[in-house]
Amino acid sequence: MRRFGELIGVAVAGLTARKVRTLLILLGPILGVAAIVAAIGINESSKGDLKAKLRELGTDLIVANAQDAIGGFGADPRIPEEAAARVARLPDVTSVTGTLQLSNIVTLPFAAAEDYYRAFPVPIIATHLNLPTTMDVPLVSGRFLNGFDEASASRVAVIGRDLANEYGYIANEARSIQLGGVNYGVVGVLDYVLLEPSMDSAVFITFANAVEDWDVDDPDPTRLYIRAPTNTRYVAEEIPTVVSLGGPDGANTKVPTDLLDAQSQVDENLNNLTKMMGGLALVVGGVGIANVMSISVIQRSSEIGIRRALGHSRGTIAFQFLIEALVIGVMGGILGAGVGAGVVWMVSEMRDYTMILSVSGLFRWASVSVGVAVVAGLYPSTKAARLEPLETLRLG
Amino acid sequence: MSSTPVSESLLSLEGVSRVYGEEVLVHALRDVWLDIRAGEFLSIVGPSGSGKSTMLGLLGVLDLPTSGSIRIQGTEVNTLPDAERSRLRGEAIGFVFQQFHLVPHLTALGNVETALLYRNLSRKERRRRSLEALEKVDLVHRADHRPIQMSGGEQQRTAIARAIVTEPLVVLADEPTGALDTQNASNVMEIFAGLRSPERAVCIVTHDLEVAAATGRRISMLDGEIVSDESQVAVS
């Protein structure tokens, strides 16, 4: 260990004695590592907002839409209650909510606004009572529909946040809205539903109300929202089978974050190209190290000769130069990673990106720099070890 | 200058020849037999091309003979692997060169310490021994100076300190006064004379007959052979 410490000391002294030359050698690995770290970091950071949004939304929500298993024209497919129950019993599913969108109902904040809102219909959604849980969305004010509302078919509604803003709804105020001329009391406002933005301007009522007030004959949902935190994609693939079980009922599924997920994926081709370019820069840096160190061996032949005369073996001499290369690789790697990270930070600040920098990536590319430098140092160190001391010392 | 009793063989060449070249052969040394004993202060003299530098390289195990043996205290070293041979060289032989060969980016102390590297010595111990060696050549006050900041005489004294810091059996010097003025040359020769001890020998390769006259044994070389080996009364 002491010997290794002494070798490092000799190598560092050799490098610091020739600062400009050392700086020139260092430029190769610094530029190579910095280029790779910066390019990958900027590429990742440009997708940082999407990734952050994905983390917020989660990627475990599945939407199942009813469809006729045989694709009959003009059908009004539903997902029967028992099919929804089967989906809810799947081991990976934690929550299922069925919804049914009603049509041809004019929704008004007050009677005088009829002309305007007839032209811009508001979606009315009959929903199961656990919608906020399944969608993982809180209420901005008030409460959601509950068991009493369902059992008694109370004329109460929850509205989406955009609709509340549009109607000038003040939190917790006693307010009613007209649904097709029937007054409903607003009991709560649902916060923004990022995965289903159409809900932000919708009115939610119970299935009991849908049957009582709007003559819905079949109170089964047309859509299921399903939370499956584990095996999400596998569950999404299984649901159509679970719903139909060979019968006429069917469903197709999608995971709404899939598109977002795809958008957030960093362009791998670009990344690979960047890595290749950076790798090339590192190789060029390595050639530079080999070149400059080889010249250095010639310049320092007298020093090598005297060290041999003092009892340093060929192996020690080779190791000394190899450690110089190692020190260059380590310094180049650290400085390159630092410069690259600095560039990513600067660009992220300028472009308003969410900075993403992989610490393991920094270590990985710094390690590549060390590897390249050591390989590049093999030739000059071997050359140094092979020098004949008698020739370098020029006796008599 | 008082004579020191001569005892055991420290360094010997036994029938050593050295031939350079492959197609055109140059016989730099022919069947040389030489024994250097503890306590000796000897010189190797001869004109240019006589083979004295080749002999110095072989005595210092910096080069290997084409035939014959080199022995350090009876151990044949030319057949040893490089690492072992280098270790023995570092322990047994101290070199002083005409051109000093100090490492330019190291201080005087750093240059002397270089000889003590890789010997499992603590930094403190290396420093202590190096300062002791510098003190012997009266250069402690220049310990922190680099070669470029020192005179030729001081650089050669630093080189001598480096040669003796390992307490070698033999000090081999190649034209040690060749690059010095008369005063500095005289000082350096005094130091060399003082290095001799009952356990150590000092061997100087030179073409300067005045320098050779200061030693107790003079070996003359010509065309790669020893032509005379005679004891003499040293003239200081």
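The values are calculated or read from the model by the stated rules, or taken from the named source; none is laboratory data. The structure displayed is predicted, hence computed values, not measured ones. Cβ coordinates were reconstructed from backbone atoms using ideal geometry, including for glycine residues, and neighbour counts include every protein chain displayed. SASA here: full protein model, heavy atoms, side chains in, ligands and nucleic acids out. Shrake-Rupley method; radii C 1.70, N 1.55, O 1.52, S 1.80 Å.
Quick grid of which residues meet (1) away from chain B (no Cβ under 14 Å); (2) surrounded by fewer than 19 Cβ atoms within 10 Å (Cβ to Cβ); (3) polar (S, T, N, Q); (4) not in a helix (DSSP H, G or I):
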residue: A:Thr354; (1), (2), (3), (4): yes, yes, yes, yes
residue: A:Ser360; (1), (2), (3), (4): yes, yes, yes, no
residue: A:Arg364; (1), (2), (3), (4): yes, yes, no, no
residue: A:Ser369; (1), (2), (3), (4): yes, no, yes, no
residue: A:Ala373; (1), (2), (3), (4): yes, no, no, no
residue: A:Gly377; (1), (2), (3), (4): yes, no, no, no
residue: A:Ser381; (1), (2), (3), (4): yes, no, yes, no
residue: A:Leu390; (1), (2), (3), (4): no, no, no, no
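Only one of B:Glu125, B:Glu132 is away from every other protein chain (no Cβ under 14 Å) and in a helix (DSSP H, G or I); which? Please lay out each step first, then the result.
Details: B:Glu125 fails: away from every other protein chain (no Cβ under 14 Å).
Result: B:Glu132 is the single residue among B:Glu125, B:Glu132 that is away from every other protein chain (no Cβ under 14 Å) and in a helix (DSSP H, G or I).
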> B:Gly90 fails exactly one of the following numbered conditions: (1) within 21 Å of A:Val12 (Cβ to Cβ); (2) open to solvent by less than 70 Å² (accessible area, probe 1.4 Å); (3) touching a residue at least 24 places away in the same chain (Cβ under 8 Å). What is the number of that condition?
Replying inline: (1)
> Say we look at the stretch B:85-104 and pick out the residues that are more than 12 Å from the chain's Cα centre (by Cα) and basic (Lys, Arg); which of these is farthest from the other protein chains (Cβ to nearest Cβ)?
Replying inline: B:Arg85
>> Can you pull out every residue in the stretch B:107-121 that is among the polar types (S, T, N, Q), in a loop (DSSP other than H, G, I, E, B) and at the interface with chain A (Cβ under 8 Å from one of its Cβ atoms)?
In response: B:Asn120
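Being in the same structural domain as A:Ile62 (by TED's automatic domain parsing), loosely packed, with under 15 Cβ neighbours inside 10 Å and not in a helix (DSSP H, G or I): is that true of A:Ile159 here? Talk me through it step by step, then tell me what you get.
On the way: in the same structural domain as A:Ile62 (by TED's automatic domain parsing): yes; loosely packed, with under 15 Cβ neighbours inside 10 Å: no; not in a helix (DSSP H, G or I): yes.
No; evaluated as a whole, the condition is false for this residue.
Would you mind finding the one in A:Gly315, A:Gly305, A:Gly332, A:Gly342 that is in contact with a Pro (Cβ under 7 Å, 6 or more places away or on another chain), in a helix (DSSP H, G or I) and either surrounded by fewer than 22 Cβ atoms within 10 Å (Cβ to Cβ) or more than 13 Å from every other protein chain (Cβ to nearest Cβ) (or both)?
Details: A:Gly315 fails: in contact with a Pro (Cβ under 7 Å, 6 or more places away or on another chain); A:Gly305 fails: either surrounded by fewer than 22 Cβ atoms within 10 Å (Cβ to Cβ) or more than 13 Å from every other protein chain (Cβ to nearest Cβ) (or both); A:Gly342 fails: in contact with a Pro (Cβ under 7 Å, 6 or more places away or on another chain).
A:Gly332 is the lone residue from the list that is in contact with a Pro (Cβ under 7 Å, 6 or more places away or on another chain), in a helix (DSSP H, G or I) and either surrounded by fewer than 22 Cβ atoms within 10 Å (Cβ to Cβ) or more than 13 Å from every other protein chain (Cβ to nearest Cβ) (or both).
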> Consider B:Arg146 against the criteria (1) within 14 Å of chain A (Cβ to nearest Cβ); (2) under 16 Å from the mean Cα position of the chain (by Cα): it satisfies all of them except one. Which criterion is unmet?
Replying inline: (2)
> Among the residues of the stretch A:112-124, which ones are in contact with a Leu (Cβ under 7 Å, 6 or more places away or on another chain) and surrounded by 16 or more Cβ atoms within 10 Å (Cβ to Cβ)?
Replying inline: A:Tyr117, A:Val122, A:Ile124
> Can you tell me which residue in the stretch A:213-251 is surrounded by the most Cβ atoms within 10 Å (Cβ to Cβ), limited to those that are among the polar types (S, T, N, Q) and more than 26 Å from the chain's Cα centre (by Cα)?
Replying inline: A:Thr222
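Determine whether A:Tyr192 is touching a helix residue (DSSP H, G or I) at 6+ places or on another chain (Cβ under 6 Å) and open to solvent by 80 Å² or more (accessible area, probe 1.4 Å).
Values: touching a helix residue (DSSP H, G or I) at 6+ places or on another chain (Cβ under 6 Å): yes; open to solvent by 80 Å² or more (accessible area, probe 1.4 Å): yes.
Yes; evaluated as a whole, the condition is true for this residue.
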>> Quick check on the stretch B:10-38: of everything there that is closer than 21 Å to B:Asp174 by Cα and out of contact with any Leu (no Cβ under 9 Å at 6 or more places or on another chain), which residue is least open to solvent (accessible area, probe 1.4 Å)?
In response: B:Ala28
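Could you identify the single residue in B:Asp174, B:Asp181, B:Asp144 that is of a type outside the set (A, V, I, L, M, F, W, C), touching a residue at least 12 places away in the same chain (Cβ under 8 Å), out of contact with any Lys or Arg (no Cβ under 6 Å at 6 or more places or on another chain) and open to solvent by less than 10 Å² (accessible area, probe 1.4 Å)? Reasoning before the result, please.
Values: B:Asp181 fails: open to solvent by less than 10 Å² (accessible area, probe 1.4 Å); B:Asp144 fails: open to solvent by less than 10 Å² (accessible area, probe 1.4 Å).
Going through B:Asp174, B:Asp181, B:Asp144 in turn, the sole match is B:Asp174.
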